[in-house]
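Engineer: Handing you this structure, nothing more for now.
Just so it is clear, none of the values below were taken in a lab; they were calculated from the coordinates. Computed from a prediction, not measured in an experiment: that's the story for all the values here. Every residue, glycine among them, receives a Cβ derived from its backbone with ideal geometry; neighbour counts consider all protein chains shown.
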Ligand SMILES: CC(C)(COP(=O)(O)OP(=O)(O)OC[C@H]1O[C@@H](n2cnc3c(N)ncnc32)[C@H](O)[C@@H]1OP(=O)(O)O)[C@@H](O)C(=O)NCCC(=O)NCCS
């Protein structure tokens, strides 16, 4: 299990990216910033001020970390101007832009927008909505996608098993998109496949999940439920014709070769899928927690995807190691986008 995470950190080191951590007031963030810097996983910009960081972690060594305070930074006025230009059509005034640019999460998103850092990590002490809204407002989506979504990297126990020969599976979207339309579901599929490749080095085979396999649930009563996944499958295939994407599948048809041979024998994905797209957040959130708790997989994420530049949200229950891993993942996303 640790092996894949170590590989991710090693690849992040080689990418040599700069990541902003927005919450210099949080002990776990300050400790993680010091660890990332010491291990050379990324260069860190920490938003806060030195006195505050020393107060929360008195023994911290801030050598090599750039600490920036939006209240005193010479960049704040420049970032406020960027924000004003982006949001004036929404009614934002220059005064409001200056106030908002001093907000630490917004300041971090504006740093990313300005190209002063390569990626953004926040959320140790802010809600998901407050962490991602600045990114949604100023970074926006990447070309080719209209949706910011998320996925979990599910790392298999003992380095892998018959269902996860690569050592990990990818599940999307279990945390962000509440009830995606067919169009949105197709974006989640393509983005999750890209994340699987960029972060875990997995060659993606994407299964669009349902309670139905290849039309088995095509009863009029369930029509909308099944057709949404069928439409999303067709749209995803059209958006990424070179990618192995298929559906709709029940989970067993997607992952068990013997079941696939009975239910979907002509598919290039059935029985060997490694990226699983759930039809909505209820199914996805329950699904990843079942695999985590009953299957002993380690759930890494949610990893945000679809942004024009990488932003990631931490859980408020995170520990130092989760923050370090998220910084490494964000650095790899930045490297993949730069390719
Ligand atoms: C993603 C989420 C944070 C967005 O928050 P929100 O309050 O809907 O954001 P807003 O409505 O203020 O939208 C801000 C902007 O982002 C855009 N936006 C919102 N969600 C988006 C998405 N998924 N993809 C792309 N753009 C999006 C909006 O269109 C809006 O753009 P505009 O201001 O330029 O017009 C929200 O959907 C959410 O809270 N999801 C559930 C997250 C959660 O709690 N998960 C459980 C924890 S694991």
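Engineer: Mind running the shape call on region 1-82? Use the C-alpha gyration tensor, a ≥ b ≥ c as the square roots of the eigenvalues: rounded below 1.5 for a/c, prolate if a/b tops b/c, oblate otherwise.
Structural biologist: Oblate shape, in that a/c is at least 1.5 and b/c is the bigger or equal ratio.
Engineer: Taking Cα pairs under 8 Å and at least six residues apart, what relative contact order does the chain come out at, in percent?
Structural biologist: That works out to 24 percent.
Engineer: Who wins for biggest fluctuation among 88, 197, 265 in a Gaussian network model of the chain, springs between alpha carbons below 10 Å?
Structural biologist: The residue that fluctuates most here is 88.
Engineer: Another one. Per the helix-only calculation at 222 nm, which mean residue ellipticity applies to the chain, given -39500 (n - 2.57) for every DSSP H run of n ≥ 4 and division by its residues, nearest 500 deg cm²/dmol?
Structural biologist: -14500 deg cm²/dmol
Engineer: Order of 216, 186 from fewest to most other C-beta atoms within 10 Å?
Structural biologist: Final ranking by Cβ density, sparse to dense: 216, 186.
Engineer: Looking at the chain, send over the antiparallel percent of its DSSP beta bridges, to the nearest 5.
Structural biologist: If we restrict to bridges inside the chain, about 35 percent are antiparallel.
Engineer: Any idea how far apart residue 27 and residue 72 come out in nm if each label point goes 7 Å out from Cα toward Cβ?
Structural biologist: 2.5
Engineer: To check you understand DSSP bridge types, tell me what percent of the beta bridges within region 149-298 (both residues inside) are antiparallel, rounded to 5.
Structural biologist: Bridges in region 149-298 are about 40 percent antiparallel.
Engineer: Now, a different point. Fully extended, how many nm does the chain gain between residue 268 and residue 16 (0.36 nm per residue separation, minus their Cα-Cα distance)?
Structural biologist: Additional length available on full extension: 87.1 nm.
Engineer: Round to the nearest 0.05 the FRET efficiency obtained for residue 39 and residue 136 when R0 = 35 Å and r is the Cβ-Cβ distance.
Structural biologist: 0.70
Engineer: Is the shape of region 149-298 best called rounded, prolate or oblate, per the rule: a/c under 1.5 gives rounded, else a/b larger than b/c gives prolate, else oblate, with a ≥ b ≥ c the square roots of the Cα gyration tensor eigenvalues?
Structural biologist: rounded
Engineer: If you don't mind, another one. State the extension gain, in nm to one decimal, for the chain segment bounded by residue 338 and residue 283, taking 0.36 nm per residue of separation less the distance between their alpha-carbons.
Structural biologist: 16.5 nm
Engineer: Now for a separate question. Please compute the contact order of region 149-298 in relative form: average sequence separation of alpha-carbon pairs under 8 Å and at least six residues apart, divided by the residue count, as a percent.
Structural biologist: This gives 33 percent for region 149-298.
Engineer: Using only the Cα atoms of the chain, build the gyration tensor, take square roots of its eigenvalues as a ≥ b ≥ c, and label the shape rounded, prolate or oblate: rounded if a/c is under 1.5, else prolate if a/b is larger than b/c, else oblate.
Structural biologist: prolate
Engineer: Separation between the residue 85 and residue 224 pseudo-spin-labels, each 7 Å from Cα along Cα→Cβ, expressed in nm?
Structural biologist: 4.3
Engineer: Among 112, 290, 235, what is the fewest-to-most ranking by other Cβ atoms within 10 Å?
Structural biologist: Listing 112, 290, 235 from fewest to most nearby Cβ atoms yields 290, 235, 112.
Engineer: Let me ask something else. Full-extension gain between residue 315 and residue 96, please, as 0.36 nm times their residue separation minus the C-alpha to C-alpha distance.
Structural biologist: So the chain would gain 76.0 nm between residue 315 and residue 96.
Engineer: Okay, next question. Order of 83, 176, 311 from fewest to most other C-beta atoms within 10 Å?
Structural biologist: With the sparsest Cβ surroundings first, the list reads 176, 83, 311.
Engineer: Build a GNM of the chain with springs between Cα atoms under 10 Å: which of 274, 218, 312 gets the top mean-square fluctuation?
Structural biologist: Taking springs between Cα atoms under 10 Å, the residue moving most is 218.
Engineer: Between 200, 328, 261, which gets the highest mean-square fluctuation from a Gaussian network model of the chain, Cα cutoff 10 Å?
Structural biologist: Greatest mean-square fluctuation among the candidates belongs to 261.
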